[in-house]
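In what follows, a structure is listed as structure tokens, so that the remarks can point back to it.
What follows is calculated from the coordinates using simple rules that are stated; it is not laboratory data. Here the structure is a predicted model, which means the values were calculated and not measured. FYI the Cβ positions are ideal-geometry reconstructions off the backbone, even for glycines, and counts take in every protein chain you see.
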Amino acid sequence: MTIWKMPFDLPGLSRMHKGTAVDHLGIEFTDFGDNWLEARMPVDKRTVQPFGILHGGASVLLAETLGSAASNLAIDAESHYAVGMDINANHVRSVREGYVHGKATPIHLGRSTHVWQIMIYDGAQRLACVSRITMSILERT
């Protein structure tokens, strides 16, 4: 059974993020299933820190992008919207090249909060970062 409350496709998600930090860093939505959303981000001059490794803040931006997009797709967008309340990340492996791939899955989908886990892997499927985001579900006024 799907958790998504509104129909969507990957090109539509990309269009929604045009001209934002997501677009600027080259983040692309790549796949989704009944209860997960995936995206990838290049490890290049836009996303590395001075030592040539993936910047932790870029990983967090990928995680927040996935959690926020997923949360907003899992609610009634006509009456509610989701915004980030808290995010954390554990960086467990350095990445120097290629792409990192993130996958968001829900831990909790409540009326007023959502909690998502985002696992980020390097191109060899080695875990690079584990993140968790809590989203506040707010009523539109």
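Pull out all pairs, ordered by first then second residue, where Cβ-Cβ is under 6 Å, the residues are six or more apart or on different chains, the first lies in the stretch 10-28 and is surrounded by 16 or more Cβ atoms within 10 Å (Cβ to Cβ), and the second is assigned to a helix (DSSP H, G or I) and of a type in the set (S, T, N, Q).
Val22/Thr65; Ile27/Thr65
Just checking, how many residues over the stretch 102-141 are in a strand (DSSP E or B), charged (D, E, K, R) and surrounded by 14 or more Cβ atoms within 10 Å (Cβ to Cβ)?
Here the count works out to 2.
Of everything in the stretch 82-101, what is more than 16 Å from Tyr121 (Cα to Cα) and crowded, with 17+ Cβ neighbours inside 10 Å? Give them in sequence order.
The answer is Ala82, Ile87.
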